[in-house]
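J.: Before I ask anything, here is the structure I am working with.
Derivation of every value follows stated rules applied to the coordinates shown; laboratory data play no part. From a predicted model like this one, the values you see are computed outputs, not experimental measurements. Glycine gets a Cβ as well: all are built from the backbone with ideal geometry, and neighbour counts include every protein chain shown.
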Amino acid sequence: GEDVEQSLFLSVREGDSSVINCTYTDSSSTYLYWYKQEPGAGLQLLTYIFSNMDMKQDQRLTVLLNKKDKHLSLRIADTQTGDSAIYFCAERTRGGADGLTFGKGTHLIIQP
Amino acid sequence: GAVVSQHPSWVICKSGTSVKIECRSLDFQATTMFWYRQFPKQSLMLMATSNEGSKATYEQGVEKDKFLINHASLTLSTLTVTSAHPEDSSFYICSHPAPREDTQYFGPGTRLTVL
């Protein structure tokens, strides 16, 4: 099965908060990441959290980590049309310079 | 600004030909680079880890003879898709570890279409 799972779509109204959820299976995850991908563009790192933390806030972005349930969420406050993109959750489980395991991505759709 | 570049950004080739994709680290000497593949509406899948001066490490299920990786310098890694077929059509993305943060910087990707 998938190592990292996300819902494929999320639709929110402009100005509301968006909450994108992610679950992972590997309890040895060290870092968990949120990346943003706009159409035709590369991946942009939004934020990341170390596995011994449970929350991280950066301006409009809030990351919550429930390590017991292996659940990660990204909350975007005051969602704007420019936030429309695909958001990928990713984990790094092995030490050192190792690749990441990505979810399939959540397509965030903003309604006017 | 961009820290990882890829060239070309898109390429169309005939079935059976080989295509080389370059990944450059613009401001960092990267002993390790990563190559990912992303099919439409799918997640990024790690293909291989490119190691400067030594052989690449391939993920399970990735044919090393088909996807040749060369990491000849600390700023350049290349991925050559040999004898490309339509099923190799995908978005190929490279990355390298960030120097001070425990994350990775990604390139803009290369769209490969094999006819």
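J.: At q = 0.18, 0.21 Å⁻¹, what log₁₀ I(q)/I(0) does a Debye calculation on the Cα points of region B:43-101 give, no solvent, two decimals?
T.: After summing over all Cα pairs, the log10 values are -0.68, -0.91.
J.: For each cysteine in the protein assembly as shown, check whether another cysteine's C-beta sits under 4.7 Å from its C-beta; list those where none does.
T.: B:Cys13
J.: DSSP loop GluC sites (Glu not before Pro) in region B:18-115 with at most 11 other Cβ atoms within 10 Å of their Cβ, which ones?
T.: Values: sites: B:Glu22, B:Glu52, B:Glu59, B:Glu63, B:Glu87, B:Glu101; in loops: B:Glu52, B:Glu59, B:Glu63, B:Glu101.
Taking region B:18-115 and a limit of 11 other Cβ atoms within 10 Å, the loop GluC sites (Glu not before Pro) found are B:Glu63, B:Glu101.
J.: Can you give the Kirkwood hydrodynamic radius for the protein assembly as shown, in Å, rounded to one decimal and based on Cα pairs?
T.: Details: mean 1/r = 0.0551 Å⁻¹.
For the protein assembly as shown, inverting the mean 1/r across all distinct Cα pairs yields 18.1 Å.
J.: Cross-link candidates for B:Lys14: which aspartates and glutamates have Cα within less than 16 Å, leaving aside residues fewer than 8 places away along the same chain?
T.: B:Glu87, B:Asp88
J.: Could I ask something else about it? At q = 0.16, 0.31 Å⁻¹, what log₁₀ I(q)/I(0) does region B:26-70 have when each alpha carbon counts as one equal point scatterer in the Debye sum?
T.: Treating every Cα as an identical point scatterer, log10 I(q)/I(0) equals -0.48, -1.14.
J.: Report, as an integer, the average count of C-beta atoms from other chains found within 10 Å of each Cβ along B:44-52. Numbers along the way, then the final one.
T.: Values: counts 12, 3, 5, 1, 1, 3, 0, 1, 0.
Partner Cβ neighbours, averaged per residue: 3.
J.: Over all alpha-carbon pairs of region B:67-113, lay out the pair-distance distribution in 10 Å bins, whole %, shortest bin first.
T.: 22, 46, 26, 6
J.: OK, next. Give me the inter-chain shielding for A:38-44: mean count of other chain Cβ atoms within 10 Å, whole number please. Don't jump to the answer; show the numbers that get you there.
T.: On the way: counts 0, 0, 6, 2, 14, 12, 2.
For this peptide, the per-residue mean of nearby foreign Cβ atoms is 5.
J.: Next up: With the radius of gyration and the Kirkwood radius both derived from the Cα set of chain A, what is their ratio Rg to Rh? Present the calculation step by step, with values, prior to reporting the outcome.
T.: On the way: Rg = 13.5 Å, Rh = 14.1 Å.
Across chain A, the Cα-based Rg/Rh ratio is 0.96.
J.: So for the pair B:Ser73, B:Thr17, with labels modelled 7 Å out along Cα→Cβ, what separation do we get in nm?
T.: Here the answer is 2.6 nm between the modelled labels.
J.: Give the span of region B:1-78's Cα atoms along each principal axis, as three whole-Å numbers ordered largest to smallest.
T.: Principal-axis extents of the Cα atoms in region B:1-78, largest first: 34, 28, 26 Å.
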